[in-house]
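Note sheet for the following structure.
The values are calculated or read from the model by the stated rules, or taken from the named source; none is laboratory data. It should be emphasised that the depicted structure is a prediction, and the values quoted were computed from it without experimental measurement. Note that each Cβ is placed from the backbone with ideal geometry, even for glycine, and that neighbours are counted across all protein chains shown. The protein model used for the area step is the full one, side chains on, heavy atoms only, and it has no ligands, DNA or RNA in it. Shrake-Rupley method; radii C 1.70, N 1.55, O 1.52, S 1.80 Å.
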Amino acid sequence: MATAAPTAAGFQDCRNAWVATLEQLAEADPRIVAVVNDSVGSSKLNSFQKKFPDRLINVGIAEQVMVGVGAGLANGGRIPFVSAASCFLTGRALEQVKADIAYSSFNVKLVGQSSGIAYGELGATHHSIEDFAWLRPLTNLTIIVPADAWETAEAVKWAARHEGPVYLRLSRMPVPDLNIPDRQFRPGHAEIVHEGSDLAIIACGTTVHLAASAADLLKAEGIQARVLNFSTINPLDEAALHAAAATGAIVTVEEASIRGGLGGAVAEFTSANKPVPVERVGFPGFLPTGSTDWLFQEYGLSPEGIAAAAHRALARKA
Amino acid sequence: MLTNDKLPLIRDKALWMRRTAFTMVHRAQLGHPGGDFSAMDILATLYFGVLNYDPTRPDMPERDRFVMSKGHATGALYSALCAAGYFPEDWLPTYMQPKSLLNGHPNRNYLPGVETNTGPLGHGFPVATGIAIAGQITGASYRTFVLTGDGEQQEGSNWEAAMVAGHRKLANLTLIIDRNRLQQGAGTEETSGLDPLDDKYRAFGFDVQEVDGHDHAALLAVLGASPGTKPRCVIANTTKGKGVSFMEGVASWHHGVPNAAQYEQAMKELV
Ligand SMILES: Cc1ncc(C[n+]2csc(CCOP(=O)(O)OP(=O)(O)O)c2C)c(N)n1
Ligand SMILES: [Mg+2]
């Protein structure tokens, strides 16, 4: 696969923030190790491997073993960052993630690379759009989906400090920095990216900047949308969801299936607390082959597509 | 009967498939040419010397089954299926374009000749084992062949399948391992070593044979031989990127893609 490079001005490959931060942390803390499945290059861990050859454990193409080994390394007092393409990390090793990491409560950091549809042309086996749905029920697994390079670095630092299982869902697709002033990383707390009270657009990961652009389009029509960077999916920021529901209409946006992910979580919450229309933007199921950009456009993960979903939600508003 | 008069056809097809696959990868600027080229002679031998199939009847119950477990090597599989007549040549330029039937990994729901969807490694051999069990319990005459990568053998599912196939003495099943000694990032032996692969499969109840995976006559003799009393494991010793000088044995061509000059150079060599 071609490596995603910074494209438009200011767009960054968050994987650079991931590896730079991991290397800094590993310099300071000898307990930090990386575990991979023949994924040194795709996890961008080549320089980590050079610096810490004994602390890069490549189990080969064997994801179930990789996750089990991660649990064992935690038992042995290490802080493992288990890094692999998110489709195989979460799908192939799902029972290991459930039983060995979450249920056993091991201090393991699962790092899903090239998540969502970064491998667009490689097809549904390589798309990771089901991961939210199959990991959300693991309630003690903190799920973080950074929206930009800054948040990626902060999430990696926090994961290393935090005692407990974490799933970091990283992307291969370049994104712009959100440039929020006086920013603080607070896991479990949604960030307001754009203020508004006509409706709330709740996004995560690569779609947050698209939601912010959608808010600009809506503003030109006189519609004030609140945009939330909902980077922690487990646990949910309930206060932010109460406030979002109070606007009377919600749009969710995620580079994932519309079934069981962020949109599903928001719909569960609102139906139990304050029923409001929820329009979910994401993918309906197995996708055809095509580039990431094409798939984003085709399925409405674009400023225009999100703005259209906002109109649908507003039309249903009581 | 398997006679060596098939060899000129196999050689011509293998050459056409290499040129076709490289053209697809060059056009798409995506693909896995290293693993395409190590498998090319195995596929050409199977499709033009061994398998019983009818491309106009891809669901023919008595067809021999070929399962491409190393599903990333679609340059090899699609050029073979096209050469075998399963779909027209004008589909080839759509490789990995939006909504193409030629997905980055094979999909049986829209491409005739594909037995099962692969892409995640370690799936094909278990499915092939099931196909062979179906043949065993129904007394069907078809044979089942499955091709895995060698790095792919690190997936434990292969060894679970090997235990089942050995236990059930699935003589109608042939596992072919593309032993190019490279996986995605490095050599297999430096990553998580597989040797001695032959002894391992022997211990699991397989009849094991090693062959030069680029020697059509040798491949034809081994793959075309009648079934014995045990499942067969053919370790095909190959070179990743075989046939293009700058790709041969170079790990980065696992998913490297050619620029215009490299494409031209390869086309000069592939004659
Ligand atoms: C379950 C799974 N894990 C990881 C990958 C990513 N991947 C694709 S090809 C490959 C290397 C395969 O090496 P090998 O089996 O030796 O194939 P070959 O050398 O014939 O290309 C890897 C790791 C995958 N497709 N599936
Ligand atoms: Mg190999």
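Taking θ as phi - 60° and the Karplus parameters 6.51, -1.76 and 1.60, the scalar couplings of region A:178-191 work out to 6, 6, 8, x, 6, 7, 10, 7, 10, x, x, 10, 6, 9 Hz in sequence order, x denoting glycine and proline. Using only atoms on other chains, find how many Cβ atoms lie within 10 Å of each Cβ of peptide B:115-125 and report the average. Across B:115-125, the average partner-chain Cβ count within 10 Å equals 3. Inter-part distance, region B:8-51 to region A:68-103, computed on C-alpha centroids, equals 37 Å.
Extending 7 Å from Cα along the Cβ direction at B:Tyr110 and again at A:Ala246 yields two label points whose distance is 4.7 nm.
Solvent-accessible surface, computed for protein heavy atoms with a probe of 1.4 Å, shrinks by 50 Å² or more for the following residues of region A:286-304 when the other protein chains are added to the isolated chain: A:Thr289. Annotation for B:Glu190 and A:Ile57: the two label points, set 7 Å from Cα along the Cα-Cβ direction, are 2.2 nm apart. Seen against the Cα atoms of chain A and their longest principal axis, helix A:14-28 is set at about 40 degrees. Tally Lys and Arg at +1 and Asp and Glu at -1 over the other residues with C-beta under 12 Å from the C-beta of B:Glu155: what net charge comes out? Net local charge, B:Glu155 excluded: -3. Placing pseudo-labels 7 Å out from each Cα toward the beta carbon at A:Ser47 and B:Asp12 gives an inter-label distance of 5.4 nm.
Using a 10 Å cut-off around each Cβ of peptide B:183-192, what is the average number of partner chain Cβ atoms that fall inside? Spell out each step's value before the answer.
Values: counts 4, 7, 12, 5, 0, 3, 0, 1, 8, 8.
Shielding by partners across B:183-192 averages 5.
Interface of A with B. Using a 1.4 Å probe and counting protein heavy atoms only, the two chains hide about 2000 Å² of accessible surface, both sides summed. To the nearest ten degrees, helix B:33-45 and the longest principal axis of the Cα atoms of chain B are 50 degrees apart.
Judged by the mean number of other Cβ atoms found within 10 Å, the most tightly packed of the peptides B:263-270, A:111-118, A:195-202 leads the ranking A:111-118, A:195-202, B:263-270.
Angle of helix B:74-83 to the longest C-alpha principal axis of chain B, folded into 0 to 90 degrees and rounded to 10: 90°.
Going from the isolated chain to the complete set of protein chains, region A:96-137 loses at least 40 Å² of heavy-atom accessible area (1.4 Å probe) at A:Glu121, A:Leu122, A:Thr125.
With θ taken as phi - 60° and the Karplus curve 6.51 cos²θ - 1.76 cosθ + 1.60 applied, the whole-hertz 3J(HN,Hα) list for region A:156-173 is 5, 4, 5, 4, 5, 6, 6, 8, x, x, 9, 10, 9, 9, 9, 10, 9, 8 Hz, x standing for glycine and proline. 3J(HN,Hα) couplings calculated from phi for region A:212-226 with the Karplus curve 6.51 cos²θ - 1.76 cosθ + 1.60 (θ = phi - 60°) are, in sequence order, 5, 5, 4, 4, 5, 4, 5, 4, 4, 9, x, 9, 9, 9, 8 Hz; Gly and Pro show x.
Excluding ligands, DNA and RNA, what is the solvent-accessible area per residue of region A:191-315 at a probe of 1.4 Å, expressed in Å²?
Numbers: 4280 Å² over 125 residues.
Per-residue value: 34 Å².
Sorting A:211-222, A:97-108 by average packing, meaning the other beta carbons within 10 Å per residue, from highest down gives A:97-108, A:211-222. In this structure the amide hydrogen of A:Asn58, modeled in the peptide plane, comes within under 5 Å of the amide hydrogens of A:Val36, none closer than 5 places in sequence on its chain. Between region B:239-271 and region A:193-247, the C-alpha centres lie 48 angstrom from each other. Over 28 Å between Cα atoms: which of A:Lys44/B:Lys200; B:Lys13/B:Lys230; B:Lys70/B:Lys169; B:Lys6/B:Lys242; B:Lys70/B:Lys242; A:Lys157/B:Lys99 fall into that group? Beyond 28 Å between Cα atoms: A:Lys44/B:Lys200; B:Lys13/B:Lys230; A:Lys157/B:Lys99.
Evaluate peptide B:153-161: per residue, the Cβ atoms of other protein chains within 10 Å of its Cβ; return the mean as an integer. Write down the numbers at each step before the final one.
Details: counts 3, 7, 8, 4, 3, 0, 0, 0, 0.
That average works out to 3.
Taking the protein heavy atoms of the protein assembly as shown in the context of the full set of protein chains, the accessible area attributed to carbon and sulfur is 52 percent at 1.4 Å. Compared with the direct C-alpha span, the chain from A:Ser197 to A:Ser291 gains 30.3 nm at full extension, assuming 0.36 nm per residue.
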